[in-house]
Structure formats: C-alpha cells, structure tokens
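Notes follow the structure.
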Amino acid sequence: MATVIERIKRGHFWTFHGGIHPPQQKFFTSDKPIRAVSIPDQLILPLQQHIGIPAELQVKVGDKVLKGQTLTQSAHPMAVPIHAPTSGTITAIKNSVIAHPSGLSELCLFITPDFEDKWRKRHICTNFNQLTNHQLIEKISAAGISGMGGAGFPTQVKVSTREDIQYLIINAAECEPYITADDLLIREHSPSILDGINILDNILSPRHILIGIEDNKPQAIKALQQATADNEKISVCVLPTKYPTGGEKQLIQILTGQEVPTGVLPSSLGIVMQNIATCFAIADAVINDIPLIKRVVTVSGQALEKPQNVWSLLGTPVGYLLAQCGYLNKDKKHIIMGGPMMGYSLPTDQVPVVKTTNCILAPTEKEISSPYSTGSKEVECIRCGQCSDVCPSQLLPQELQWSAKAKDQQQLEKLNLFDCIECGACAYVCPSQIPLVHYYRVAKSEIRQQKQLDIKAEHAKVRFEARKERLARDKIAREEKHKAAAAARKARMNSGTAAGNSEISAVAAALARVKAKKAGQAQSAQSSISEAQETLPRNTDNGQKSQVAAAIARAKAKKLAAQTNSSPEASSETTNISNDTESPIDNKKAKISAAVAKAKAKKLAEKSASLINSSSTTDKEASNTLNSDVDTQAPADDKKAKISSAITKAKAKKLVDKSVTLASEIETKTPAADKKSKIAAAVAKAKAKKLASQQEKTRVSVDSNSSNNTVANTEVDVQNPADEKKAKIAAAVAKAKAKKLASQQEKIRVSVDSNLSNNQVANTDVDVQNPANAKKAKIAAAVAKAKAKKLASQQEKSEST
Ligand code: SF4
Ligand code: SF4
C-alpha cells in the first residue's frame, strides 16, 4: 500500500463526500496586484476578532498610540491581543456593530489616525533559526495572530501542541468563488510565506509539510513550487477544484485520507493546519516585529467599478474599502463579508475589517441567486435530497433544518449539527431556496447559549453541594470538639485535685452568674412594662382630666381673690355716702374712721393674698378629689362640673359688673387727686398686681400638682375601664368651660385692678379733702368688717373643703 507521500508525489489524492462546483468568478480580481489603500479617517477595532475571549484593555480614551502599539493584552492563551494599525488617538471605547452573522454589537476601540503612520520601536530578527521554540511562540502570541482563513483560532494555541506532528498542512486552497486574496499573496509574497512555513517547521518539527492549493491558481502554484524547490520536506499539493476543499477536515481528508472524528482536534491525529495568510503574518511578526494589523482583502462583485485585492488596515470600515473600489450601488444593498458561499450580509457598511476578513463582496441583484437575492423566497422543502448529496460533512441538511425550526436541540445534536462547517453547499443547491445555513447558525448559537447556562447552573449546584458538605463537616467537628472538651473537663472535675475543685467552683460561679443575669433581665423587663403603663395614660385621658381640675381650681381661686377685692367697694361706697352728705362732721373722727376703713381694706387685701395661697392648696386637693371623682364617677360629676362652672361664671360676671359700676361712680364723684392720693393709688395698684402675681403662681402650682395627681388617677382609670369613655367626655366639657372661665376671669382681673386703684384714690380724697360724717364712716367700716368676716369664713370653708 502506497504511503501518503508516495501518493502525493504521484498526484493521487483522496476525496471527500459531496461538494459543488459553483462558478469561480475569481477573474474579477485575480489579474490585479494587491493595492494599498490610504488610511481611513477612523478605525474601528473590535476587542475580540478571534475564537476565544477578548484580552484586557491597555489604553483609554484620549491616549495617543503608535503604529503597532499593543492595545489589549492577556496571559490567557485564548485571549489574542490587538494592536494599533496606525498612529493616532483613541477617541472612543464603545459598542459597535461587528463582523459577525449575528449583526450584534461588541466593545470596540475607535482610533482617529494622525496620518503620520509612526511606528513604535521594532526589533528586527535577522535569523529566526536562533530563536527557541518558546521565543518563537511568544512572538507569535504577542503579535496577536489568529487563523486568517476564516475560523480565527488562536495560532499560538495551535503551534503550542505537544503532540508528535506528522503533517503540517498549509491551506492555500482558497476554494470559495470570487476570493483571490491568498492567490495574490502567494504570487507576491511567496518568500515571506516560506519564512513563515519554516518558522512553523522549527516550532512543530513535522515529518512532512503539505501545501494544499487548488488547480485554479496556476501562478500561485508556480510561485510556491519555486519557493519550496530546495526544501524536500515541503510538498506543493495541487488539488482539483471543488468546493469546499479549503475546509479543514476536507483538506486533511484529501491530503492524508484521514477523517477527523467529531470533537477531535487534528493535532491528536498528528496534523496541524495553518492558512497561507497566517504563515505570512507569522513571518512578519517574528522577523519584522510587525503585529497583525493589516491583511489582504478581496473587494469584488459586479457592483464595483474597480474590484481588486487591497492591503487593508484592520479596523477599516467596509464602506471605505468599497468606496476605494468604486462602489456603484448607492443603496448599499447586499454587502457581504466573506465569499458568496460562507459569507454573511452586513447590516451596515460601517462594520470594520477584522483578522478573519478575506473578502468583501458587493454583488448586483442579478449576480447572486438563492439566499442572497431579495427576489429569492423560501418555500417548503420538497425533500429532494440534493442538500444531503452535496454536504461534505455527510449530514442531513433538510432534517437539521426541520429540527432547527422546531428548536429541538436534542435532535439537532443527534444529527451532529456541530459537524456542519457552514459551507453553504446545501443552500446553494436547494431548489426551495431555503437559507439552510442561516437556520444552522441560529440553532448553534442557541445551543451554545443553553450550554453556557447549563454550565453555570452546574457550577452553582456543585458550589452549593460543596458548601452543604462543608457545613455538615464543620458541625460534626464542632460537636466532637465540644464532646471531647466536656469529657476532659468532667474527668478533671472528678479527679479530686485542686485544679478540679477550682474548676467545679468556677462552673458553679458561672451558673450563679447566669441565674442572676436572667433574674436581672426579668426584673428590668417588668419595670419597663410598669413604666410604660404609667407613662401611657398620663399622656391621654387623665392628662385632660387633671387639666380640667386645675382649671376649676384656678377659677375658684380667682373668685376668692375677686371677693377680697370687693372690700374697696365698701370703702368707695362709704366715700360716696360721705360725699353726698354735707353735714358738719367732726374732722378728727372722720379721719380716724377713714383710716380704720383703709386699714381694714388693706388687711382684707392681705387676707385675700393668703386666701389665694390657701385656696390653691385647697383647690389642688379639690382637683385631686375631682379627678378621682371624674375617673370613678365621671357621668355623675359631669353634671356637677357643669353646675360648678356655671356658678363660677355667674359670680365672676357679677363681680365684674360691680367693679365697673363702682369705678365709674368713684370717677365721676371724686375730684382730682393730689399727690398723696396718687401715691395711695399707686400703692393699691401695686398690691393688686402682687395679688395677681401670687394668683398666677398658685395657678402654676396647681397645674403641676394636677399632673402629679394624674398618677393616682391612672390607677383608678386602669381599674375602671368602663367609665373611661364617659370620663373623657365629661373632662373635655369641663375643660372647655374652664378655659372660657379663665378667659373671663382674666378680663375681670384687669377691670378690678383699675377699679381698685380708683377706689384707693377716692379713699384718700375722703381722708384729706372731705372730713366725712362719723356715722357714715362707722357704717362703712362696719360693712367692710362684715365683708372681711364673710371672706374669712369663706376661706375657712375652702380650707375645710
Ligand atoms: S435541497 Fe432543499 S428542498 Fe431539497 S431536501 Fe434539501 S432542504 Fe429540502
Ligand atoms: S452547510 Fe452544513 S449541512 Fe450544508 S452542506 Fe455544508 S456542511 Fe452540510
């Protein structure tokens, strides 16, 4: 049996299942050299342009960057860094639409070029053969190289394999229609490509290096053969054109006859495959210290005036490239990233060129049939089976489509959905114009998402179980520890030693402390409850009752004070009588009589003051009594309180009337006061003021006492909850009336004050200017005496009450 190499040398290759022969359409660009395009006004660099995870940002908005400067970096093998394609300023870091079939947005760096294209410092390697494998891999990793054929797998991971590599396969098949980027790159840069292959050879040390290229690229084949003529290890394998020969599994099968099973990496079969453009990038990175910042892109399609291959900086918006190639379609319809078979339509021409972009297609309406034409309309599957006939992965595309529509993920996995390389051969041949690849991509995305969720849920479950076990372990350990400690303590206590006895005492003391603490806590809780019970009612009903009682007490005190002040009334009456009668009176006797009357009036005023003091005490007691009465017999005493208030009111009114009358009489009958009478009036007024002040003090005292009385009343309230409502009503009524009385009383006091002063003036006048009739003076004195006596008796009654 001929070996692989013998077959290859004879030009005999294996083949793969299915495949198609679509029109090549490579002539649009294959005859034109690669052209450099100018730097665009803005570069958009997605942080992730490969399979794996994005690296961490190393720059921020506003930073100036140099060409080739590292923008992202990570130690993770699946995180590939990106670099500044030219010098300029980071103007934004935000989400933007990326080159992906999903059309979703991802985090991108926006660079505004300064058009100086200034490089960072570079280290040119003159002889890469002197570098170790580690150094070579480091350089490849630092340059941010990932597979440039379309998959974007991190190159450093591929070349870091420790497997014994039999075949290093260089993929130059470029099987998809329209695309000629690799063809032109080989033609123009075969020496650099060969350097890249040699670097890989140094790293991987494969037994054979096979370059697979389709026979539709004669110039490239020739260039490769010339470049590799001196290297027997390298074989340029010219393959028959058939789509999709460039598929990894398909090319491996064609060249080696080996089928790569599902879920198995080619490296485990001793095979590593690299794209021809990746080889060029590796050479640039290792030798010239140029990271992956540009690539060859085929810009083709009949909607362009000048389709051609261009050196495009990564991050260049597709619209800019199309404009450079004379894009005619003003509507910007059908811009496809990738070839017509595996590419996908772009939602906007602002999508940037990335590391995996090998083609931008701008076809006309007529140019591309089936999935890409707006005229194509999907109809039901007619089960013709053509799709399965052409599937290179030997799948059942129609069944995959049904399951994808039904979102039957289990069935999709059973049908080996993930073996689909999304070559689009099935969709190309489908007479029902079903965009089959679209269904597969969506289904794959959903399954991946679900798997991520399952993995997360599984991790959470594992963490939960681990925590549960840990808690159980800790609990058991704690219990065992306590048991051991208790046993040891018991043993010590039973040992009868001094230490054991001391421990027994300590335990007993601790127990006693615990009991004492518990007792203290119970006591403090009890006192808190009692305090709360006492405080609460004080602020509610009985507070009002006390206030009512205090108001009543104040009213009584005022009444007494008013009655006391009525003694000047008698004097004034006497004076008036003296003024009316003009009989010749013994001047001396009259003077004596007036002086006696005045003294009595003074005495009465003093008595009144003391009476107010005593009445406040009496009223305080009365208030207590009243409060308790209100609390215990509220409904009955409500009526009494009303009567009492009414009587007080009437008396106060009468007193006011009398005072007013008396004052007016004195005013009209008494001539102008001389100096003495003014002094006497001032003295009388001062006394009246003093009385008012004492009365006020008494009221304050009664108020405070009434609040104290509330404590006693609380107990009554607590004991008689049934009377609570009625007592509240009675108290409220009494309070209102007392308030009204207090107001009237205040008015009376003001009036009496003024009358009292007038009377004193009148008395003085009598003494000095009118030697009164002794008889009348005697009568007046007797009246004053009688009233004073009456007041004293009232005082006694009040005190006894
Ligand atoms: S090619 Fe299209 S119509 Fe025919 S079986 Fe496949 S999916 Fe159905
Ligand atoms: S796209 Fe998938 S299912 Fe369709 S032919 Fe290609 S590999 Fe087969």
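The values are calculated or read from the model by the stated rules, or taken from the named source; none is laboratory data. If you're wondering where the values come from, they're calculated on a predicted model, not measured in any experiment. Using ideal geometry, Cβ is built from the backbone for each residue, glycine included, and neighbour counts are taken over all protein chains shown. Surface areas here come from the heavy atoms of the whole protein model, side chains and all, with no ligands, DNA or RNA. Shrake-Rupley method; radii C 1.70, N 1.55, O 1.52, S 1.80 Å.
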**Report entry** residue 474 versus residue 305: modelled label distance in nm, points set 7 Å from Cα along the beta carbon direction
**Finding:** 7.5
Query raised in the report: Along the charge dipole of the range 227-303, which of 227, 246, 272 sits closest to the positive end, that is, farthest toward it, with unit charges on the beta carbon of Lys, Arg, Asp and Glu (+1, +1, -1, -1)?
Result: 246
Report task. Give the ranking of 402, 311, 119 by solvent-accessible surface, highest area first, calculated with a 1.4 Å probe. Result -> 402, 119, 311
**Report entry** Estimated distance in nm for a label pair at residue 27 and residue 133, the labels positioned 7 Å out from Cα along Cα-to-Cβ
**Finding:** 4.8
Query raised in the report: Accessible surface of residue 399 in the full protein assembly, 1.4 angstrom probe, to the nearest 10 Å²?
Result: 60
Query raised in the report: To the nearest 20 debye, what is the magnitude of the charge dipole of the range 278-433 about its Cα centre, counting +1 on the Cβ of each Lys and Arg and -1 on the Cβ of each Asp and Glu?
Result: 320
Report task. Search the structure for amide H atoms under 5 Å from the amide H of residue 20, placed 1.01 Å from N in the peptide plane, and list their residues when 5 or more places away or on another chain. Result -> 243
**Report entry** the range 191-205 - phi-based ³J(HN,Hα) in whole Hz, Karplus 6.51/-1.76/1.60, Gly and Pro as x
**Finding:** x, 5, 4, 5, 4, x, 4, 5, 5, 5, 4, 4, 6, 8, 6
Report task. Calculate the dipole size of the range 436-507 relative to its Cα centre from +1 charges on Lys and Arg beta carbons and -1 charges on Asp and Glu beta carbons; express the result in debye to the nearest 20. Result -> 180
Query raised in the report: How much length, in nm to one decimal, is gained on full extension between residue 365 and residue 775, taken as 0.36 nm per residue of separation minus their Cα-Cα distance?
Result: 133.3 nm
Report task. Could you list the residues of the range 1-36 with an amide nitrogen less than 14 Å from a label point located 7 Å from the Cα of residue 259 in the Cα-to-C-beta direction? Result -> 15-18
Query raised in the report: Taking a spot 7 Å from the Cα of residue 5 along the direction of its beta carbon, which residues of the range 219-245 have an amide N less than 20 Å from it?
Result: 225-239
Query raised in the report: Just the Cα atoms of the range 230-279, one point each, no solvent: what log10 I(q)/I(0) does Debye give at q = 0.16, 0.27, 0.29, 0.32 Å⁻¹?
Result: -0.53, -1.26, -1.31, -1.35
Report task. Only loop residues by DSSP count here, and only those with at most 15 other Cβ atoms within 10 Å; note down the trypsin sites (Lys or Arg not before Pro) in the range 454-534 that meet that. Result -> none
